[in-house]
1. Hey, can you tell me all the residues within segment 25-52 that are crowded, with 21+ Cβ neighbours inside 10 Å and within 21 Å of THR209 (Cα to Cα)?
2. I need every pair where a residue in segment 55-70 that is on the phi > 0 side of the Ramachandran plot has its Cβ under 6 Å from the Cβ of a residue that is modelled with pLDDT of 95 or more and open to solvent by less than 10 Å² (accessible area, probe 1.4 Å), sequence separation at least 6 or different chains.
3. Across segment 322-337, which residue is nearest to the ligand (Cβ to nearest atom) among those that are assigned to a strand (DSSP E or B) and open to solvent by less than 30 Å² (accessible area, probe 1.4 Å)?
4. If ASN102 satisfies all but one of (1) within 16 Å of the ligand (Cβ to nearest atom); (2) outside any loop (DSSP other than H, G, I, E, B); (3) in the same structural domain as TRP211 (by TED's automatic domain parsing), what's the number of the condition it fails?
5. Looking at segment 340-354, I want the residues that are free of Cβ contacts under 8 Å to residues at least 60 places away in the same chain and have a partner that is part of a helix (DSSP H, G or I) with Cβ atoms under 8 Å, at least 6 apart or on another chain. Which pairs are those?
6. Looking only at residues in segment 278-296 that are open to solvent by less than 40 Å² (accessible area, probe 1.4 Å) and β-branched (Val, Ile, Thr), which one is nearest to the ligand (Cβ to nearest atom)?
7. If a residue counts only when it is without any contact (Cβ under 8 Å) to a residue 40 or more places away in the chain and over 17 Å from PHE273 (Cα atoms), which strands (runs of 3 or more DSSP E) contained entirely in segment 141-227 have at least 1 such residues?
Amino acid sequence: MSGCQIDTSVIRPIRFFNGKCQMLDQRLLPAEEVWLEYNTYEEIADAIRTMVVRGAPAIGVAAAIGVWFGVRDIETASSQKFFAQMKQICDVLAATRPTAVNLFWALERMKHFAESNLDRSVMELKIGLEYEALAICQEDEQLCIKLGRQGQSLIPDGSRVLTHCNAGALATAGYGTALGVIRAAVAAGKKIAVLADETRPWLQGARLTTWELQKDNIPVTLICDNMAGYLMSKGEIDCVIVGADRIAANGDVANKIGTYTVAVLAKEHKLPFYVAAPMSTIDFSLSDGSQIPIEERDALEITHLKDIQLAPEGIEVRNPAFDVTPNRLVTAIITECGVVQGDYQQGLAELIQKR
Ligand code: MRU
């Protein structure tokens with residue numbers, strides 16, 4: 001392909017070494033690149049809860065690895081008892097973060113594998129679950145690449161693209177969803193400039209999106225969250241692309257807090273607002289976005305910046321980590337199985353057939 005610069009990203013937040021798992025500590029980026037080592041499911045549950053690993057698909061991958069690590073320590077010869085203990089491990093991992101459905105999707109896939117193979121020995125189940133976890137990881141990067149190629153035709157050459165939070169390689173097994181579409185557009189030879197919202201309070205945009213795009217030599221400009229409207233009104237943004245933590249059957253999208261605000265701004269300025277997410281992010285059990293559980297996080301994320309106090313002692317704080325963008329504000333949902341526009345209820349249901 002002429003003008004091809006980046007076909008894959010080399011950034012992967014989770015890696016394996018001698019049966020152990022290492023994760024890039026995303027709390028410390030971009031100042032420090034520290035890899036932490038994990039051996040048990042409790043440690044992995046903690047890594048998800050404390051956001052060493054974050055981003056919906058990456059959380060799903062980490063949860064699957066957590067199950068693998070948990071079951072390998074189970075001591076029983078009975079497959080039934082093994083499965084009962086496995087479900088307890090899954091419950092611990094499920095209690096870490098409530099909004100990203102990929103977490104629950106990955107746990108269900110691991111449980112489904114075990115439950116459909118209960119006639120096998122415990123040793124065979126353990127080996128099978130290791131393969132299943134590694135497959136979830138490998139598939140995730142592959143489907144991000146596919147998703148990127150599906151979506152890149154929506155981004156014209158020369159586009160200035162606003163993104164919110166980090167839906168990149170760091171939020172997946174590799175390559176990314178929203179940033180995967182941008183990577184694919186760049187790989188197709190297009191000149192793309194990214195604007196990254198800083199994404200208060202955890203600063204995924206300022207710390208992570210800029211870090212990974214800079215590493216891949218994709219032009220990126222950092223802005224504060226409250227600058228998007230001004231830049232849109234000046235004609236300096238051509239479209240918006242974000243990831244998702246959970247998409248309801250009708251196409252309502254839960255994503256990082258502030259996404260809804262950006263979608264409203266995009267509508268006002270008649271700019272396309274794209275959502276890029278794998279099929280595992282679509283929760284067909286929920287008819288609309290009002291049923292999506294929204295995580296509330298610690299007030300300290302807002303009142304403090306590391307050790308620096310930003311707000312008065314004892315101040316009342318709300319800290320919802322996600323919001324829901326209604327489907328009417330979404331121009332298209334890009335998945336690895338295809339792009340849906342218009343009637344999301346029907347379009348998303350049809351995509352399931354192509355899976
Ligand atoms: O709280 P986080 O950092 O886990 O939230 C991440 C997001 O909101 C991402 O936009 C979303 O998970 C999509 S990642 C491909």
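1. GLN26, ALA47, ILE48, VAL52
2. GLY55/ALA171
3. PHE322
4. Against the list (1) within 16 Å of the ligand (Cβ to nearest atom); (2) outside any loop (DSSP other than H, G, I, E, B); (3) in the same structural domain as TRP211 (by TED's automatic domain parsing), ASN102 comes up short only on (3).
5. So the pair list comes out as GLN341/GLY347.
6. THR281
7. The strands (runs of 3 or more DSSP E) meeting that bar are 220-223.
A quick yes/no check of all residues on (1) more than 16 Å from the ligand (Cβ to nearest atom); (2) open to solvent by less than 20 Å² (accessible area, probe 1.4 Å); (3) in the same structural domain as ALA169 (by TED's automatic domain parsing); (4) modelled with pLDDT of 95 or more:
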position: ALA276; (1), (2), (3), (4): no, yes, yes, yes
position: ASP298; (1), (2), (3), (4): no, no, yes, yes
position: THR303; (1), (2), (3), (4): yes, yes, yes, yes
position: PRO320; (1), (2), (3), (4): no, no, yes, yes
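The values are calculated or read from the model by the stated rules, or taken from the named source; none is laboratory data. Values in this document were obtained by computation on a predicted structure and should not be read as measured data. As a convention, Cβ positions derive from the backbone with ideal geometry for all residues, glycine included, and neighbour counts pool all protein chains shown. When the accessible area is computed, the model is the full protein with side chains, heavy atoms only, and any ligands, DNA or RNA have been set aside. Shrake-Rupley method; radii C 1.70, N 1.55, O 1.52, S 1.80 Å.
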